[in-house]
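Please read the structure below before turning to the comments.
Every number here is computed from the coordinates shown, using simple stated rules; none is lab data. No experiment lies behind these values; they were computed from the predicted model shown. Cβ placement follows ideal geometry from the backbone for every residue including glycine, while neighbour counts extend to all protein chains displayed.
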């Protein structure tokens with residue numbers, strides 16, 4: 001087993017130029033293409049989110065309760081001014 005590992009090390013030392021793998025132009029183009037696709041996907045996603053608009057308001061019952069509460073507060077303020 002050790003003999004095989006030693007043989008592999010000695011054979012790879014002689015062919016050091018064959019073992020140096022670099023991404024080169026093709027790797028750069030692939031990464032750049034993924035980046036461009038990401039930009040377009042993010043723009044499309046933002047456009048879809050803008051179409052959704054703001055979240056819907058609370059239910060009608062909650063709004064009526066809020067108005068009733070504001071009405072009683074206004075009535076109390078009027079009584080305080082008069083009295």
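Length gained on full extension, residue 37 to residue 19: 3.3 nm, using 0.36 nm per residue less the C-alpha separation. With a point put 7 Å past each Cα toward its Cβ, work out how far residue 47 is from residue 81 in nm, to one decimal. About 5.2 nm, to one decimal.
Here each label is just a point 7 Å from Cα along the line to Cβ, and for residue 61 and residue 30 those points are 5.8 nm apart.
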